[in-house]
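Worksheet: the structure to be examined is printed underneath.
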Amino acid sequence: MDENDWLLDLKLVEFMRDYGVHFSVNRMLAAECYKSRLADGLTAFEFTYMLLQAYDFLHLNRKYDCKVQMGGNDQWSNIITGVELARRVDGKQVYGFTLNLLTTGDGTKMGKTAGNAVWLDAEKTSPYDFYQYWRNTEDVTIIRNLKLLTFLPMEEINAMAKWEGAELNKAKEILAYEITKIVHGEVEAEKAQTAAKALFAKGGEIDLESVPCTDIPAGLTIIDILERMKLSPSRGESRRLIAQGGVKVNGEKVDSHEYVVGEDDFKDGYVLILKGKKAYHRGRLV
């Protein structure tokens, strides 16, 4: 379902006449999503987003009898505006509820805009990388994520909240396994966990045989390789990672997104790519 199917047919004057009259500018500016942006500047396009999202809800209710809209808690103002629009225009009662946003330890929102998205689609984030993402989560977010994202009994999670030191690594493994199992299934979760544990099984050294491997030719740019290995969800994210020093080839930091991995980079037919601190992947020369 693509909202362009109904939004692109709207005519501005008619839309503002029929629906804009139901929106109070004073009330919109009081919404947290706008109030927090006023000091930095709010474009007209950003200001009308609430109107369009509210109309989305109205349209979906009319065509599909959609009665509930879900979203992150930063979307509350937009959702409740849609609820009010349906009531005022069609006399319909619809509902909305929001969920806690996923954030990093410092409160930064997780998502594409923030450049720290992790994808449910295995084509964009492999089950192994998905597992590793959660395995490497920050200590302060472990318990919160266990509560929000798994079906473990709350008593068990509360007991883990008392863990310290090395026990935190066990909690991270549980978190990563449980989330991967929900998203990709138990088989993929088992495979990802086994591979992750085997990776450093040799006294803390990397066990290359346990590192995921992808066939690649020589002559690709590092961005092309990250894309093929599914180590990054987008080329833009790859550029950001490289600019921040987050990508290494055979242990050497890559300083340009135009870096080309040539035949000399393949040792015994393989090249080792590292994203971040622990996301290893091998490229096999073909």
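The values are calculated or read from the model by the stated rules, or taken from the named source; none is laboratory data. Only a predicted model underlies this, so the values are computations on that prediction, with no experimental measurement involved. Cβ placement follows ideal geometry from the backbone for every residue including glycine, while neighbour counts extend to all protein chains displayed.
Pairing each residue of segment 264-286 that is closer than 16 Å to residue 238 by Cβ with any residue that is in a strand (DSSP E or B) and among the aromatic types (Phe, Trp, Tyr), provided the two are 6+ apart or on different chains, yields C-beta distances under 9 Å for 273/280; 274/280; 283/270. Determine whether segment 250-268 contains at least one residue that is under 25 Å from the mean Cα position of the chain (by Cα) and either in the same structural domain as residue 148 (by TED's automatic domain parsing) or within 23 Å of residue 120 (Cβ to Cβ) (or both). No; the residues of segment 250-268 include none that is under 25 Å from the mean Cα position of the chain (by Cα) and either in the same structural domain as residue 148 (by TED's automatic domain parsing) or within 23 Å of residue 120 (Cβ to Cβ) (or both). Hey, any hits in segment 173-195 for a residue that's of a type in the set (Ser, Thr, Tyr) and at pLDDT below 95? Looking for residues that are of a type in the set (Ser, Thr, Tyr) and at pLDDT below 95, one finds at least one in segment 173-195, hence yes. Exactly one residue out of 78, 26 is part of a helix (DSSP H, G or I), of a type in the set (S, T, N, Q) and under 30 Å from the mean Cα position of the chain (by Cα), and it is 78.
To keep it simple, each residue is scored yes or no on (1) assigned to a loop (DSSP other than H, G, I, E, B); (2) in contact with a Cys (Cβ under 6 Å, 6 or more places away or on another chain); (3) basic (Lys, Arg); (4) at positive phi.
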{"position": "86", "(1), (2), (3), (4)": "no, no, no, no"}
{"position": "117", "(1), (2), (3), (4)": "yes, no, no, no"}
{"position": "122", "(1), (2), (3), (4)": "yes, no, no, no"}
{"position": "128", "(1), (2), (3), (4)": "no, no, no, no"}
{"position": "142", "(1), (2), (3), (4)": "no, no, no, no"}
{"position": "145", "(1), (2), (3), (4)": "no, no, no, no"}
{"position": "155", "(1), (2), (3), (4)": "no, no, no, no"}
{"position": "162", "(1), (2), (3), (4)": "yes, no, yes, no"}
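Within segment 97-118, the set of residues being hydrophobic (A, V, I, L, M, F, W, C), over 14 Å from residue 73 (Cα atoms) and modelled with pLDDT of 70 or more comprises 117, 118. Do you know which residues across segment 50-74 are part of a helix (DSSP H, G or I) and either at pLDDT below 90 or among the small types (Gly, Ala, Ser) (or both)? Answer for segment 50-74, where residues must be part of a helix (DSSP H, G or I) and either at pLDDT below 90 or among the small types (Gly, Ala, Ser) (or both): 54, 73, 74. Residues that are surrounded by fewer than 13 Cβ atoms within 10 Å (Cβ to Cβ) and farther than 14 Å from residue 227 by Cα within segment 247-262 comprise 251, 252, 253, 255, 256, 262, listed in sequence order. Whether a residue is touching a Pro at 6+ places or on another chain (Cβ under 8 Å), among the small types (Gly, Ala, Ser) and outside any helix (DSSP H, G or I) was assessed, and residue 189 does not pass this test. Restricting attention to segment 215-254, the residues that are of a type outside the set (A, V, I, L, M, F, W, C), in a loop (DSSP other than H, G, I, E, B) and either without any contact (Cβ under 8 Å) to a residue 40 or more places away in the chain or more than 15 Å from residue 278 (Cα to Cα) (or both) total 9.
When residue 184 is tested against (1) within 18 Å of residue 125 (Cβ to Cβ); (2) of a type outside the set (Asp, Glu); (3) surrounded by fewer than 18 Cβ atoms within 10 Å (Cβ to Cβ); (4) not assigned by TED's automatic domain parsing to the domain that holds residue 267, exactly one condition is not met: (3). Within segment 29-44, the set of residues being surrounded by 10 or more Cβ atoms within 10 Å (Cβ to Cβ) and part of a helix (DSSP H, G or I) comprises 29, 30, 32, 33, 34, 35.
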